[in-house]
1. Residues that are in contact (Cβ under 8 Å) with a residue 24 or more places away in the chain, of a type in the set (A, V, I, L, M, F, W, C) and in a strand (DSSP E or B): does the stretch 151-166 have at least one?
2. From the residues in the stretch 372-413 that are in a loop (DSSP other than H, G, I, E, B), of a type in the set (A, V, I, L, M) and modelled with pLDDT of 95 or more, which one is farthest from residue 290 (Cα to Cα)?
3. Select from the stretch 69-82 the residues that are hydrophobic (A, V, I, L, M, F, W, C) and either within 6 Å of the ligand (Cβ to nearest atom) or surrounded by fewer than 20 Cβ atoms within 10 Å (Cβ to Cβ) (or both) and list them in ascending order.
4. Residues to consider are 108, 112; find the one that is of a type in the set (Gly, Ala, Ser) and in a loop (DSSP other than H, G, I, E, B).
5. Hey, could you check the stretch 462-485 for residues that are part of a helix (DSSP H, G or I) and out of contact with any Asp or Glu (no Cβ under 9 Å at 6 or more places or on another chain) and say which is surrounded by the fewest Cβ atoms within 10 Å (Cβ to Cβ)?
6. In the list 212, 240, which residue meets the criterion of being farther than 21 Å from residue 334 by Cβ and exposed (fewer than 15 other Cβ atoms within 10 Å of the Cβ)?
7. So in the stretch 246-301, with the set limited to residues that are outside any strand (DSSP E or B) and of a type in the set (Val, Ile, Thr), which one is surrounded by the fewest Cβ atoms within 10 Å (Cβ to Cβ)?
8. Note down all Cβ pairs under 6 Å where the first residue falls in the stretch 209-221 and is under 17 Å from residue 4 (Cα atoms), the second is of a type in the set (Phe, Trp, Tyr) and within 9 Å of the ligand (Cβ to nearest atom), and they're at least six residues apart or on different chains.
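The values are calculated or read from the model by the stated rules, or taken from the named source; none is laboratory data. Because the structure is predicted, anything quoted here is derived from the model rather than measured. With ideal geometry, Cβ positions are generated from the backbone for all residues, glycine too; neighbour counts draw on all protein chains shown.
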Amino acid sequence: MAVGFDYVIVGGGTAGCVLAARLSQDAATRVCMIEAGGKDTNLLIHMPVGFARMTTGPLTWGLVTAPQKHANNREIPYAQARVLGGGSSINAEVFTRGHPSDYDRWAAEEGAQGWEFAAIQKYFLRSEDNSMLSGALHGTGGPLGVSNIPDPNPMSLAFVKSCQERGIPFNPDFNGAEQAGAGLYQTTTRNNRRCSAAVGYLRPALGRKNLTVVTGALVLRIVFKGRRAVGVEYRVGGETIVAAAEAEVIVTSGAIGSPKLMMLSGVGPAAHLQSHGIEVVEDVAGVGQNLHDHFGIDTVAELNGHQSLDKYGKPLWMAWAGLQYALFKSGPVTSNVVEGGAFWYADGSGPNPDLQFHFLCGAGAEAGVPSVPKGSSGITLNSYTLRPKARGSVTLRSADPSDNPVVDPNYLGHPDDLRVSVEGIRISLDILHQPSLQQHVRHIRFPDNTMRSQADFEAYARQYGRTSYHPTCTCKMGMDEMSVVDPQLRVRGLDGLRICDSSVMPSLVGSNTNAPTIMIAEKAADLIRGNH
Ligand SMILES: Cc1cc2nc3c(=O)[nH]c(=O)nc-3n(C[C@H](O)[C@H](O)[C@H](O)COP(=O)(O)OP(=O)(O)OC[C@H]3O[C@@H](n4cnc5c(N)ncnc54)[C@H](O)[C@@H]3O)c2cc1C
C-alpha cells in the first residue's frame, strides 16, 4: 500500500513535532509524520514530576551502551524516548540553550555557516513563550511554554545558597547575559504541566487536514529512486506501508535513531553496511560517528529528615500530593525534580564554564543512579564536563530494523574528560559540605568518606558516571569529509533528503539539548520553506 505527501517526517520527537507544525502551516502542503512510539497519553508525561518515573519502561527504547572501555567495561542504561514528543515528553524539562560561543564555534570552526549565535538567536526567541522573562534574550508568545518552578523544594533553595557559600554566585537566568553561576532552572512547562514539543507545537496543528500523524509505526528504510529519496517504508500493525514524499524526506529520529535509519537505508560507511549485507546507496563515512554525550557523575547525600521529595514515594504522601495537584495544580507534582543548577569552571575560571551541575531534590530518581537506604530521604548533585573531547559511535547490530543499534559513547575516552569530571565531583562535594546543605545532611553516601587521592576520584568517575541523555552529532553538519549534512541540513550526495534533529550538531553545546534541538528544527523549517 502507498500513500502520498509532500514531506514525510521520520520520528515524532522534539524536532519532528516542530517541523510537522511549521511545515503544515501552509494548507497546500501535505505533511506526514511517523513515530515509532505511541501517543503521549500516559499521565506521567504531563505531570512535571513524572520525569523520575520514565527513564526506563515502555516510553523508552531499552538501550544500554556497549561495554565502556574507560568506565570499568560497564554497560550503562541509556534512556532515549520512544513516544510522541520524543525526549521532550520524558525529559527533566530543564530549559537551557547553550553558550553563544557554542554556536559561534559551529560557524567559525566547524563548517556550519549561518549557524552563529547572531543568526540563530531569532529561532530561540520564536520558539519561546516565557512566563516571566522577556527582552532581547527571551521570547514570549511562541509555542514552547517556559516557566519558573512554582514551589521549589527547600533543599533546592539550600543548594543555591550552598553554591554561594562555595563562591559560585547566584544567577537568576542561565539563558541571560551570563551563563556562569548557580540558581534554579527554568522549565519547559506551562500552567504547571509539561510543555513538550508534542503539546506546544503539534497539538495546535493536529486539526489541520494537511497533516497526518502516524504513531506506533517503525520506519524500516528510506526509499530511493536513483539518488533521490522518494519516500519511506514503515511497519504498523503487521502491515508494511510506503509513504511517498514528493518534495522531501525529513529525518528527525534523534541522535541514535537517525544514523540507524540512514545506515539501514544504505547511507553510511560502505564497509560497515556491506558487513551487514546492506546495499550501499551512498558511502558517507560520518554517519553514526562523532557521537558526543554528557557523562554525568552523581553524588548522593542522605538527609537527617524527610525534607526532599523522596517522602512522596510513600503511598499516603503520594496520594496527598496527587490530590493537591488534581485539585489545585500545585505542590510537589509541579516539581521537575531537577530544580537547581549551576554552570562553573573546573579550574576556578575560564572564558566559559566547562562544568554543569544538576541538583535533584531526591535520590535514586533515575535508572542506574545510586540511592539512600530504604526509608531515608536523600538529595543528588550531578555534574558533567560540558564539552567532552571523547568521540563515540552508533553502529548497526544487524540489518534488522527492530534491533537496537550498538551505542558506544566512549565515555572518558579522552584524558581531559576525566580531569574535568574529577573536578566536578570535588566541587559537588564542596557544595554538599557548605552550611546551608550540611544542616540537613546525615551522611554523604556516594562517594563514601574513604575517597582521598586523585586515583580514588578517577575510580569513582569510572564506576558511577552515566548518560545525561544528550547524545548528539552522529550525522554532523559541516563541510569536511566526516560531515553528513551541509549547513542547509541536506544529506551529502543525495537529493530530497535532510536530517534536522540533535544528530546534526557539529559538536555538543554547553548545556542541555532540548532547546537547541528545537532551534535546529525551527531553522530547518525556514530552510525547507525558503524563508531564511
Ligand atoms: C530522560 C531524558 C532526560 C532529558 N532531560 C533533558 C532536560 O531536562 N533538558 C533538555 O534540554 N534536554 C533533556 N534531554 C534531551 C532532549 O530531550 C533531547 O536532546 C531531545 O529530545 C532530542 O530531540 P530529537 O528530536 O533529536 O530526538 P528525540 O526527541 O529523541 O526524537 C526522536 C524520535 O524519533 C523516533 N524514532 C526513532 N527511530 C524511529 C524510526 N525508525 N521510526 C519511527 N520513529 C522513530 C523516536 O521514538 C523518538 O520519538 C533529556 C532526554 C532524555 C531521554
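1. Scanning the stretch 151-166 turns up no residue that is in contact (Cβ under 8 Å) with a residue 24 or more places away in the chain, of a type in the set (A, V, I, L, M, F, W, C) and in a strand (DSSP E or B).
2. Start the filter on the stretch 372-413 by keeping residues that are in a loop (DSSP other than H, G, I, E, B), which leaves 372-377, 386-391, 396-405, 409-413.
Still in the list and also of a type in the set (A, V, I, L, M): 372, 386, 390, 396, 399, 412.
With modelled with pLDDT of 95 or more added as a condition, the list becomes 386, 390, 396, 399, 412.
Values: 386: 16, 390: 9, 396: 15, 399: 21, 412: 14 Å.
The extreme case among them is 399.
3. At the first step, the residues of the stretch 69-82 found to be hydrophobic (A, V, I, L, M, F, W, C) are 71, 76, 79, 81.
Across the stretch 69-82, the qualifying residues are 79, 81.
4. Working: 108 fails: in a loop (DSSP other than H, G, I, E, B).
Step by step, each of 108, 112 is checked, and only 112 is of a type in the set (Gly, Ala, Ser) and in a loop (DSSP other than H, G, I, E, B).
5. Residues of the stretch 462-485 that are part of a helix (DSSP H, G or I), as a first pass: 462-464.
From the residues that got through so far, the ones that are out of contact with any Asp or Glu (no Cβ under 9 Å at 6 or more places or on another chain) too are 462-463.
Working: 462: 19, 463: 14.
Per the criteria, the residue is 463.
6. On the way: 212 fails: exposed (fewer than 15 other Cβ atoms within 10 Å of the Cβ).
Testing whether each residue is farther than 21 Å from residue 334 by Cβ and exposed (fewer than 15 other Cβ atoms within 10 Å of the Cβ) leaves just 240.
7. Looking only at the stretch 246-301, we keep the residues that are outside any strand (DSSP E or B), and these are 252-266, 269-281, 284-290, 293-294.
This time we only want the ones that are of a type in the set (Val, Ile, Thr), so: 252, 256, 278, 280-281, 284, 287.
Values: 252: 32, 256: 22, 278: 19, 280: 15, 281: 22, 284: 28, 287: 32.
For the stretch 246-301, the residue satisfying everything is 280.
8. 217/234; 219/234
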